[in-house]
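What follows is a set of notes on a single structure, which appears directly below.
The values are calculated or read from the model by the stated rules, or taken from the named source; none is laboratory data. Here the structure is a predicted model, which means the values were calculated and not measured. All Cβ positions, glycine included, derive from the backbone under ideal geometry; neighbour counts span all protein chains shown.
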Amino acid sequence: MPTYLRQIIIYAVVILMQIIINNYVNLGPLIYVCFIPLLIIYLPLDQKPYLSLIIAFGLGLIIDILSDGVLGLNAGAATLVALVYRPLFYPVFQKNNYSKKYIPPVRESDIWHHILYMLIILAIYFLFYITFDGLTKTTLLVSGLRYLVNIAVNLALATIIDLTLFNR
């Protein structure tokens, strides 16, 4: 199977999982499961930046439209991640991976590089998301707790998906 076709199928499966979880699984008011940052970090590193921004915005908008949430919130956070995923790649991964077109698999780099990279990306994503979702409606303490819980839960889920779907 060609690589691009495999990527499209994986993206469709992950988006479908995201929509099912958002619409049918209630994890409480503090937890929002989001796989968009994982999809964005697997965009090609050598593609034009405007294409990454358009794809990220489109992925976020699809989730916004098909899920029950604020329209444009995921799209904005995803666009921000698409803006920074490439520059953040180089300090996190080893120099021998700089010439890669895609994020290297775990067997070539290290699981800790993947976790650190996803942690930084999720921190940026949820900083935007929680700031614009309801910082004015809740206290700073609740928003901070929501921020930390979302990063922890999404990091665990993203690592599982990363190891099962993207690193086969």
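Out of ILE40, ILE65, report the one residue that is exposed (fewer than 14 other Cβ atoms within 10 Å of the Cβ) and closer than 30 Å to ASN23 by Cα. Exactly one residue qualifies, and that residue is ILE65.
Of the residues that make up segment 2-20, is at least one farther than 21 Å from GLY134 by Cβ and part of a loop (DSSP other than H, G, I, E, B)?
Narrowing segment 2-20 to residues farther than 21 Å from GLY134 by Cβ: 2-17, 19-20.
So of that shortlist, the ones also part of a loop (DSSP other than H, G, I, E, B) come out as 2.
Yes, segment 2-20 has at least one match.
Annotation: of all residues in segment 84-114 being part of a helix (DSSP H, G or I), surrounded by 16 or more Cβ atoms within 10 Å (Cβ to Cβ) and not basic (Lys, Arg), the one that is modelled with the highest pLDDT is TYR85. Does ALA56 satisfy being within 22 Å of SER143 (Cβ to Cβ) and surrounded by 13 or more Cβ atoms within 10 Å (Cβ to Cβ)? Answer is no for this residue.
Yes or no, residue by residue, for (1) touching a residue at least 24 places away in the same chain (Cβ under 8 Å); (2) farther than 15 Å from MET118 by Cβ; (3) aliphatic (A, V, I, L, M):
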position	(1), (2), (3)
PHE35	yes, no, no
TYR42	yes, no, no
TYR50	no, yes, no
SER67	yes, yes, no
TYR85	yes, no, no
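The requirement of being modelled with pLDDT under 90, surrounded by fewer than 18 Cβ atoms within 10 Å (Cβ to Cβ), of a type in the set (A, V, I, L, M) and over 21 Å from ILE151 (Cα atoms) is satisfied by LEU71.
Of all residues being closer than 17 Å to LEU116 by Cβ and without any contact (Cβ under 8 Å) to a residue 24 or more places away in the chain in segment 134-158, which is surrounded by the fewest Cβ atoms within 10 Å (Cβ to Cβ)? Just the residue, please. It comes out as ALA156. On the given criteria, is LEU30 in contact (Cβ under 8 Å) with a residue 60 or more places away in the chain, more than 18 Å from ASP162 (Cβ to Cβ) and not in a helix (DSSP H, G or I)? Taking the combined requirement at face value, the residue satisfies it.
Taking segment 33-64 as the range and being part of a loop (DSSP other than H, G, I, E, B) and of a type in the set (Ser, Thr, Tyr) as the test, only TYR42 passes. When restricted to residues that are among the hydrophobic types (A, V, I, L, M, F, W, C) and crowded, with 16+ Cβ neighbours inside 10 Å, segment 1-18 contains 3.
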